[in-house]
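Bear in mind that the values in this text are calculations on the coordinates, not laboratory data. If you're wondering where the values come from, they're calculated on a predicted model, not measured in any experiment. Here Cβ is always computed from backbone atoms with ideal geometry, including for glycine, and neighbour counts include all displayed protein chains.
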Amino acid sequence: MNNPAAKSVPAPWPWWDDLSTAVLVTDGELRLVSLNSAAEVLLGLSRERIVGHGLGQWLRLDRSLSSRLRSVLSLDQPMTLRARQMEPLRADPFLADITITPLHGDDDQGAQLLFELNAIDRHERISREEQLQKQQAITRAVTRGLAHEIKNPLGGLRGAAQLLASELDDDGLKEYTGIIIREADRLRGLVDRMLGPHNLPRLEAVNLHEVLEHVRGLVSVQLPLGLKIRGDYDPSIPNVQADRDMLVQAILNLVQNAVQALSDGGEITLVSRVLRQYTISGHRHRLVARLSVRDNGPGIPEEIRERIFFPMVTGRAAGTGLGLPIAQSLIQLHNGLIECRSRPGSTSFDILLPIEPQDAQEAND
């Protein structure tokens, strides 16, 4: 039976990559024929690597889904699946609405299937991201006001202690004024760290893998026995316009946070990947670099998971709760964002940095 409403086989035109919906085309044996950039992001692999291979090699196809795909081919009728949990073998699971349509090309092509995957999680992520940014903006405003109120009396306290020390002849009493001065300086430094970075980034072409390897080297020399740190990089990522020192500090904060969460047998993995057609802070970018710091530790306690980027929130008794907020502030200065995914045995902090085309960068200079 032929379905007159069936679509003709689409050619892989460049405009496919401008779609936010993931689109894949397979032959009748479910071998991938073509896919767009949004589908590459969902599957976590480039089209050059997976076209020509079976869809089941990269996406878990359970018995129910396989049966439905066969019915689309045999009945020659499109099908829509709502809120279907999908499990790529090389990327994170996602929830999606899926439309599967039989295609009719020429005789050489034979039966083909068009998959349209509209990731529901993506909309939830964007909404959660916008809410997080609003909360952080409020927190920064409150923190700045509080810091102003604290730093003024601290300055007076330190000055009075210095004057008192200059009038004292007893070294024992001067030791007490020294304690006052040092503690005032410590509190002032703490307040400054709460406020985050003050300077704008000094942009230059930065090799992200050099930055990741630099941080890995810094941490490796002081890594506790029983812990490992390794890299898993995508060499195709181009240089980005960024402040190298700020990136080093942000990644170092994330890695040190992971080290503190691990015990014997723990492992940290630094991962780099390219995302296409990705939205950050309401702006859609054609290319985004994702730098991930992953560990196999116990995970972040659920009660603080939504607040970990707020100052003074920590799951450790000796922690200051400033490392993650500072890292987030440094990345936001680059129009990027840090996201967190955590469950027992697997935690990932993902730095998302837009990769601007070279001509756009030159236009801004």
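A few points about this structure:
- Dipole of segment 148-192 computed with +1 at Lys/Arg Cβ and -1 at Asp/Glu Cβ about the Cα centre; of Ile179, Ser166, Gly156, farthest Cα towards the positive end is Gly156.
- Counting only DSSP beta bridges whose two residues both lie in segment 204-364, roughly 85 percent are antiparallel.
- Modelled spin labels at Asp245 and Asp232, positioned 7 Å past Cα toward Cβ, are 3.3 nm from each other.
- The calculated FRET efficiency for Glu183 paired with Leu19, based on their beta-carbon distance and R0 = 41 Å, is about 0.10.
- Charge dipole (Cα centre; +1 on Lys/Arg Cβ, -1 on Asp/Glu Cβ; no other charges) of segment 204-364 amounts to roughly 400 debye.
- Take the Cβ atoms of Glu306 and Glu149, set R0 to 30 Å, and the FRET efficiency comes out at 0.65.
- Across segment 204-364, the convex hull enclosing all Cα atoms gives 113 Å³ per residue.
- Under-5 Å amide H pairs with Asn335, H placed in peptide plane, nonlocal only: none
- Spin-label pair Leu157-Leu218: with each label point 7 Å from Cα along the Cα-Cβ axis, the two points sit 3.0 nm from one another.
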